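K.L.:
For reference, the structure I am asking about is given below.
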Amino acid sequence: MLNQVITSRPAHRLASALLAGSALLLPLLSPASAREDVGQAEWAQDYAAPQTMQVRRSSTPILSPQTIAATEQVIEKYRAIVSRGGWQPVSGAGGLRIGSRGPAVGALRQRLIATGDLDAQAGSGGIYDSYVAAGVKRFQARHGLSQTGQMSPATQAAMNVSADIRLRQLETNLIRLRSYSGDLGRRFVITNLPAALVQTVENGQVVTIHAAGVGKIDRQSPIMNTKATQINFNPFWTVPASIVKKDLIPKMQKDPNYLTDNKIRIFRGETEISPRSVNWNSDEGTHYRYRQDSGADFNSMGVVRINIPNPYGVFMHDTNSRGVFGDDFRFISSGCVRLQNVREYITWLLKDTPGWDRAHVEQAVESGQRIDATLTQPVPVYWTYITAWATPDGTVQFRDDIYKRDGVNVPSTIEAPTPVASAASTQPERFEQFDEEN
């Protein structure tokens, strides 16, 4: 209501509208807090600020001339920030939220102002108001963190990465972006590993965006150029020898029912054998073939596998545990890439393949039968490693250097965790490591 009153009245009546609005709020506050709140930056700022401060989803592909040009411009801005001494670190702000007060809030305001996440008119007020919360949300969005609007250890850690390191990170990634400046194709897929994000691109515009789960720090997803060639609906999954030794045998030593519970069958040649006939305390288990039944509820590939021929034995696929897509930290696979909204993704991939519209995709999934669809025109797929870039509107994005490839010692924010969606999942993925092929 107050916002509507202010924006609809002439400028000479603005002050009286503000006073009227604050008067309405005074009965809700204690006398002391009312005196402190009136006149704070929240009242002085433009009431449209939270909307203008939002980070809007860009339709510009991360691999594009426009991203290169925007990143070059942002680098100049960061050079100017560094020449002025950068920004001051924030301390004691890890648990701040709306209503918090004190010196740490003033320091937080200045930190947000330094990178354009908060209007400079916000000043150094000591109250964590809705404008500070909007600035924190914007900062979180630019760093791939959950947009809660309240401070967390991970948010504070990201804020305390120095301007000099951020500049060097941008310069390093500009070189990577330029390496993709050639013709990538009319239709292609970008998997940005540090962002755990997949974009589909057509005619220079992003068509769909998918959160992804990518390789763990010790089982990294490779950087590569390949093509999507085939979709497997309701796939079986054959456990590769490396996974049998690293993961499956140790799990069977702890729980003799593990294979049965996960619907994994053991074969000697073409003959199925019982798990109880195997001595799991020896290397006997490495002599057999293991195949997991198809099924959305338990198969680690979910209902779809996307084949992308490559020498690393990895692929893209659905998952039976979708709660992970709400997490900030999605480095959870053995090298493959798990996709959110996989049906939308494969519908786009199969767009130019006759007989495979969305209805037929749904039918194939729901059939529960193993069905293969070969793409008439294979689609280029680029697995990239971009930790810093800018969009044409001037927004600069940063992600953790999860695989330590930037060479500029970017401090990790992952060691300062935030609440994650999958922590509350009632169906944890029991088969999380086993998603790669030989």
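K.L.:
Using the structure shown, decide if ARG276 is more than 23 Å from SER221 (Cβ to Cβ) and at pLDDT 75 or above.
P.N.:
yes
K.L.:
Moving to a separate point now. With respect to MET159, determine if the residue is aliphatic (A, V, I, L, M), touching a residue at least 40 places away in the same chain (Cβ under 8 Å) and in contact with a helix residue (DSSP H, G or I) (Cβ under 6 Å, 6 or more places away or on another chain).
P.N.:
Values: aliphatic (A, V, I, L, M): yes; touching a residue at least 40 places away in the same chain (Cβ under 8 Å): yes; in contact with a helix residue (DSSP H, G or I) (Cβ under 6 Å, 6 or more places away or on another chain): yes.
So MET159 fits the description; yes.
K.L.:
Something else: Here are some residues: GLY407, GLY394. Which one is open to solvent by 10 Å² or more (accessible area, probe 1.4 Å), on the phi > 0 side of the Ramachandran plot, assigned to a loop (DSSP other than H, G, I, E, B) and out of contact with any Gly (no Cβ under 9 Å at 6 or more places or on another chain)?
P.N.:
Answer to the check: GLY407.
K.L.:
Just give me the residues in the stretch 233-246 being open to solvent by less than 20 Å² (accessible area, probe 1.4 Å) and either modelled with pLDDT under 85 or closer than 22 Å to ILE190 by Cβ (or both), in sequence order.
P.N.:
PRO235, TRP237, VAL239, PRO240, ILE243
K.L.:
Can you pull out the residues in the stretch 171-192 that are over 17 Å from THR229 (Cα atoms) and at pLDDT 95 or above?
P.N.:
Scanning the stretch 171-192 gives GLU171, THR172, ASN173, LEU174, ILE175, ARG176, LEU177, ARG178, SER179, TYR180, ASN192.
K.L.:
Further, regarding this structure: Let me spell it out: the conditions are (1) open to solvent by 10 Å² or more (accessible area, probe 1.4 Å); (2) closer than 27 Å to VAL408 by Cα, and LEU177 meets all of them except one. Which number is the exception?
P.N.:
(1)
K.L.:
Please name all residue pairs, on different chains or six or more residues apart, with Cβ atoms under 6 Å, provided the first residue is in the stretch 78-91 and is touching a residue at least 40 places away in the same chain (Cβ under 8 Å) and within 20 Å of THR395 (Cα to Cα) and the second residue is open to solvent by 30 Å² or more (accessible area, probe 1.4 Å) and of a type outside the set (A, V, I, L, M, F, W, C).
P.N.:
Between residues of the stretch 78-91 that are touching a residue at least 40 places away in the same chain (Cβ under 8 Å) and within 20 Å of THR395 (Cα to Cα) and residues that are open to solvent by 30 Å² or more (accessible area, probe 1.4 Å) and of a type outside the set (A, V, I, L, M, F, W, C), the close pairs are VAL82/ASP164; GLY86/SER162.
K.L.:
Identify, by number, the condition in (1) part of a helix (DSSP H, G or I); (2) at pLDDT 95 or above; (3) small (Gly, Ala, Ser) that GLY323 doesn't meet.
P.N.:
(2)
The values are calculated or read from the model by the stated rules, or taken from the named source; none is laboratory data. Since we're looking at a predicted model, the values are computed, not measured. Cβ coordinates were reconstructed from backbone atoms using ideal geometry, including for glycine residues, and neighbour counts include every protein chain displayed. Quick note on the areas: whole protein, heavy atoms, side chains included, nothing else; ligands and nucleic acids left out. Shrake-Rupley method; radii C 1.70, N 1.55, O 1.52, S 1.80 Å.
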